[in-house]
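*Asks:* Sharing a structure here in structure tokens format.
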Amino acid sequence: EASYDDIVNGAYYNPAGDGEVHLNMTQAKKIKELLITWASRQATVPAWSRLFWKEVHALAPFSPLVKATLQAQGYLGANTISMPRIQELKERLIGLESTGLPAHGSAAPFFGNDDGQYGGDEEDEDNMETWGNSLPIGMKRAAPEIYRNLIFSGCMSVRDWCNQMFPVERRSDPRYMELFNLAALVDFKLKAVRPPSTLARLQMLGACDMSETALRRLASYVHEKRTGDKDAAASMLAIKPAGADHDIAPEWLVADASTYAQSEHKRRERARQQKGKGGGKDKGKGDGKTGKPKGGGKHKSGKAGGGAPAAPPPGLRGRRGWPAYPGAKLAGHPRS
């Protein structure tokens, strides 16, 4: 196990050699400076993204970690034209510049292969037919944290946790059979780790697709049982079959679309409320001359609002057809 000084000095876990770390930091710094320079010109240079990627490509070859970071932003080579997500790329580059190591939850190839080599197999990455044989490289790894939470809860193994989740009378349930078999697969993988240390086990979980898939399924079951939210539970799964009710768009695209839809809904609601407040201010008021409601308003009861009866001209008061005083009624007269 690593000492406290090793943890403080950053020597607790280093999936890459010192030369690889230095290369990551150097390349990340240069790309970050290019990003800041070109992003400041986007108002005056419409094709700034193409020029930015061209200068970035001039820094190639990249380390596997830097290359994967750029590819996640749409980098495909010197002819890349897609606009990078400036704030997200900047934050990732700052993190690489500071540590030179993968971010928390990074994908399996960043933790080292079985032969100790840093990075993935470039031949497999270029072959699209093999992409479906492993988890996506950009998926954040949750298996080490899920396993740690299981152990911290007082369980001796993943199967022990599964037994505590299901009472004895429910262990003939098909759901228990499924989860128990997944837990057994994880325990078998952990048992084969050499040396049998906690650090080595966590490293294995961060690189094993089977363990990631199994532990995510366990976490999905717990979340659905606790909250009843089936959509959230399904989103936790590592593998989602084709035809299932889930997005195929990347997370940033779904987030941008949701933000836009919410802002447009709020704008329409605000405009509708302002339009409703603009009319009907003079409801129920008469103009004092014709007795008709001013502005065509209506009373709260739904009847047309009428003003007070019109007063007769001073010279006609008391004559035929006119009342002697305002508000007086004439018996048998149409006006009354």
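The values are calculated or read from the model by the stated rules, or taken from the named source; none is laboratory data. Source: prediction; values computed, not measured. Methodologically, a virtual Cβ is constructed for each residue, glycine included, from the backbone with ideal geometry; neighbour enumeration extends over all protein chains shown.
*Asks:* Name the residue that is surrounded by the fewest Cβ atoms within 10 Å (Cβ to Cβ), counting only residues in the stretch 175-215 that are of a type in the set (Val, Ile, Thr) and under 21 Å from Lys140 (Cα atoms).
*Replies:* Ranking the candidates gives Thr198 first.
*Asks:* Next question, about the same structure. Is it true that Arg148 is more than 29 Å from Lys67 (Cβ to Cβ) and either assigned to a helix (DSSP H, G or I) or out of contact with any His (no Cβ under 6 Å at 6 or more places or on another chain) (or both)?
*Replies:* Here the answer is yes, as Arg148 does meet what is asked.
*Asks:* Follow-up. All but one of (1) within 21 Å of Met139 (Cα to Cα); (2) in contact (Cβ under 8 Å) with a residue 12 or more places away in the chain; (3) assigned to a helix (DSSP H, G or I) hold for Leu253; state the number of the condition that does not hold.
*Replies:* Looking at each condition in turn, Leu253 falls short on (2).
*Asks:* Counting just the residues of the stretch 89-127 that are modelled with pLDDT of 80 or more and in contact with a helix residue (DSSP H, G or I) (Cβ under 7 Å, 6 or more places away or on another chain), which one comes out nearest to Leu199 (Cα to Cα)?
*Replies:* Leu96
*Asks:* Six or more apart or on different chains, Cβ under 6 Å: which pairs go from a residue in the stretch 55-76 that's farther than 15 Å from Val21 by Cα to one that's aliphatic (A, V, I, L, M) and surrounded by fewer than 17 Cβ atoms within 10 Å (Cβ to Cβ)? Could you list them?
*Replies:* Within 6 Å, the pairs are His57/Ala78.
*Asks:* Separate question: Please go through the stretch 215-234 and give me each residue that is hydrophobic (A, V, I, L, M, F, W, C) and in contact (Cβ under 8 Å) with a residue 60 or more places away in the chain, ordered by number.
*Replies:* Once the filter is applied, which keeps residues that are hydrophobic (A, V, I, L, M, F, W, C) and in contact (Cβ under 8 Å) with a residue 60 or more places away in the chain, the stretch 215-234 yields Leu215, Leu218, Ala219.
*Asks:* Looking at the stretch 155-167, can you tell me whether even one residue there is in a helix (DSSP H, G or I) and of a type in the set (Ser, Thr, Tyr)?
*Replies:* Looking through the stretch 155-167, none of the residues is in a helix (DSSP H, G or I) and of a type in the set (Ser, Thr, Tyr).
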